[in-house]
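Only one structure is covered here, and it is reproduced in the block below.
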Amino acid sequence: MTPTAARTHDDVVQEIRDWSTRPPGAGIGAALAFLLSDRAQTALHALRTLGDERFDAVAAHHREAVDAHLGPVLLRIAEGRPVGEEAFRALAAATRDDPLQAVFAPARNPVPPEAVALERIRLLRRVWEPFAAWWNGYFTDAEPPVADLWRLYLPFARWIVREKRIRRSGELFVVGFNGSPGAGKTVLTNALAVVLDHLLDRGSEGRAVARSGDDWYLGRAAREPLRRLGYDPGVPGVPNRSLPGTHDLGRLLADLRAMERSTEHGTLRLRGFDKRNDDRSTDPDRCLEVRGRVGVFLFDLWFAGAETDVDPAALPDGLPRRVAEHLRGWRPVFDRMDALWAFEWPSFEQMVREREAQERLAERRDGGRGMDGEQIRAFMRYMTERSWDRRTTSPVPPDAAITFRAWRDTRHRVIAVRRGGRA
């Protein structure tokens, strides 16, 4: 990075730091006008993209400032207290001027920001309690992020409902989520499901279901013969799941059809996968019982939307060729997606750190011991470096397949969302 590039955003960086030290109530209009501005988010995005060493600290200051100035206002609204005139004007303006919120606005027939704010206030009051209850049940050491609910989860969920009503009225609407392991796909999809269940009409539109591609892994016995074909991380105690070829695609497609045919009075049972035992779960408690019609399916898979029109014969014999062969089989799943969210992929070292954090979270939540540092590093090399020939195959989807492309900080808060090339 050149010195000129580093200095380009110095004034914005300093202003973010200043706002992070100002007490709440120091002018909500001015605070949001800057903190949620295109100027502030462009600077954050640029620091992240350029690999500027200040990014982590500046992103933390920005997160603290937004939480300090926006959070208390939203919590008062969520509790049913009246909204002051200055706060309402600031919230309304931000629905238009905050790029993170505005990216989900309808391209045609724009809605006045005051109307958007009024609707979102109603939605916030409706979903805050169940959202906070879900969050506190998933995390034990993090407060429910009311600012993220307002700026990301609510507008994104509203976009999904609007698109479903236009494109899949009375049918299943499928959204795929791509991103490196530990990127935050599962948290995002489950949070959206909680919100969507309070936006959809349960009788006529159904409910939302969030599931990970992990739930359709082949059992351990079925995957063991794959080791002689290269599906082997090479370190004892490391599972050989994750890659194309290690999922039960037949069962996934059957479950998709079952969701498409689901009815208001029907029940589906979706099996889970026990990562601790590296096998299909036989515990009935790990099966998701879905009562009623499924209207939205939120499917997170680390290579969701990857290009499937590949030629395995162009690759020498080995694991990348096997992955390419099996990747072609995912086309019916990816073609069924109505939209695709894609997290920007980080460096390998960051992926390792995030996978380690994911393992430790699972240990605290579920008990038991996951992979250690050496095993995680071997697993990540197997997933991302040894299995793909980047000239032919990639877990990263092409831009034409992406609806929304997202960037985040190292604490998993989304800092920017841009439209992809998908119409």
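Among the numbered conditions (1) of a type in the set (Val, Ile, Thr); (2) modelled with pLDDT of 90 or more; (3) not in a strand (DSSP E or B), tell me where THR410 comes up short.
The number of the failed condition is (2).
Name the pairs: first residue in the range 238-257 and free of Cβ contacts under 8 Å to residues at least 60 places away in the same chain and assigned by the TED database to the domain that holds ASP279, second residue hydrophobic (A, V, I, L, M, F, W, C) and part of a strand (DSSP E or B), Cβ to Cβ under 8 Å, at least 6 apart or on different chains?
Listed pairs, sorted by first residue: ASP255/LEU268; ASP255/LEU270.
Condition (residue is out of contact with any strand residue (DSSP E or B) (no Cβ under 7 Å at 6 or more places or on another chain) and open to solvent by less than 20 Å² (accessible area, probe 1.4 Å)) applied to the range 249-259: is it met by at least one residue?
Yes; the residues of the range 249-259 include at least one that is out of contact with any strand residue (DSSP E or B) (no Cβ under 7 Å at 6 or more places or on another chain) and open to solvent by less than 20 Å² (accessible area, probe 1.4 Å).
When residues of the range 89-114 are filtered for being open to solvent by 10 Å² or more (accessible area, probe 1.4 Å), touching a Leu at 6+ places or on another chain (Cβ under 8 Å) and part of a loop (DSSP other than H, G, I, E, B), how many remain?
Here the count works out to 0.
Can you name every residue in the range 317-327 that is part of a helix (DSSP H, G or I) and either of a type in the set (Lys, Arg) or open to solvent by less than 70 Å² (accessible area, probe 1.4 Å) (or both)?
Correct list: LEU319, PRO320, ARG321, ARG322, VAL323, ALA324, LEU327.
Would you confirm whether or not the range 61-83 contains a residue that is at pLDDT 90 or above, in a loop (DSSP other than H, G, I, E, B), open to solvent by 30 Å² or more (accessible area, probe 1.4 Å) and at positive phi?
yes
Give me a count of the residues in the range 126-143 that are modelled with pLDDT of 95 or more and surrounded by 14 or more Cβ atoms within 10 Å (Cβ to Cβ).
Of the residues in the range 126-143, 7 are modelled with pLDDT of 95 or more and surrounded by 14 or more Cβ atoms within 10 Å (Cβ to Cβ).
Find the residue count for the range 181-207, including only residues that are small (Gly, Ala, Ser), crowded, with 21+ Cβ neighbours inside 10 Å and at pLDDT 95 or above.
Within the range 181-207, residues that are small (Gly, Ala, Ser), crowded, with 21+ Cβ neighbours inside 10 Å and at pLDDT 95 or above number 2.
Determine if the range 208-217 includes at least one residue that is in contact with a strand residue (DSSP E or B) (Cβ under 9 Å, 6 or more places away or on another chain), assigned by the TED database to the domain that holds GLY370 and either surrounded by fewer than 21 Cβ atoms within 10 Å (Cβ to Cβ) or part of a loop (DSSP other than H, G, I, E, B) (or both).
Yes, some residue in the range 208-217 is in contact with a strand residue (DSSP E or B) (Cβ under 9 Å, 6 or more places away or on another chain), assigned by the TED database to the domain that holds GLY370 and either surrounded by fewer than 21 Cβ atoms within 10 Å (Cβ to Cβ) or part of a loop (DSSP other than H, G, I, E, B) (or both).
If you go through the range 172-191 one residue at a time, how many are under 8 Å from the mean Cα position of the chain (by Cα), among the polar types (S, T, N, Q) and over 13 Å from ALA339 (Cβ atoms)?
Result for the range 172-191: 1.
What residue, of GLU325, GLU354, GLU349, is at pLDDT 90 or above, among the acidic types (Asp, Glu) and closer than 29 Å to GLU53 by Cα? Before you say what the answer is, go through the steps one by one.
Details: GLU325 fails: closer than 29 Å to GLU53 by Cα; GLU354 fails: at pLDDT 90 or above.
Going through GLU325, GLU354, GLU349 in turn, the sole match is GLU349.
Do we have HIS412 as open to solvent by 70 Å² or more (accessible area, probe 1.4 Å) and closer than 24 Å to ASN277 by Cβ here?
For HIS412, the condition - open to solvent by 70 Å² or more (accessible area, probe 1.4 Å) and closer than 24 Å to ASN277 by Cβ - is not met.
Within the range 304-316, is there a residue that is surrounded by fewer than 17 Cβ atoms within 10 Å (Cβ to Cβ), touching a Lys or Arg at 6+ places or on another chain (Cβ under 9 Å) and at pLDDT 95 or above?
yes
Exactly one condition in (1) assigned to a helix (DSSP H, G or I); (2) open to solvent by 30 Å² or more (accessible area, probe 1.4 Å) is not met by TRP330; state its number.
(2)
Here is a yes/no grid of residues against (1) touching a Gly at 6+ places or on another chain (Cβ under 8 Å); (2) of a type in the set (D, E, K, R):
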position	(1), (2)
GLY137	no, no
VAL146	yes, no
LEU152	no, no
ILE160	no, no
ARG165	no, yes
LEU172	yes, no
LEU192	no, no
ARG202	yes, yes
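The values are calculated or read from the model by the stated rules, or taken from the named source; none is laboratory data. The shown structure was predicted, so the numbers you read here are calculated from the model rather than taken from an experiment. With ideal geometry, Cβ positions are generated from the backbone for all residues, glycine too; neighbour counts draw on all protein chains shown. Side chains are part of the model used for accessible areas, which takes the heavy atoms of the whole protein and leaves out ligands, DNA and RNA. Shrake-Rupley method; radii C 1.70, N 1.55, O 1.52, S 1.80 Å.
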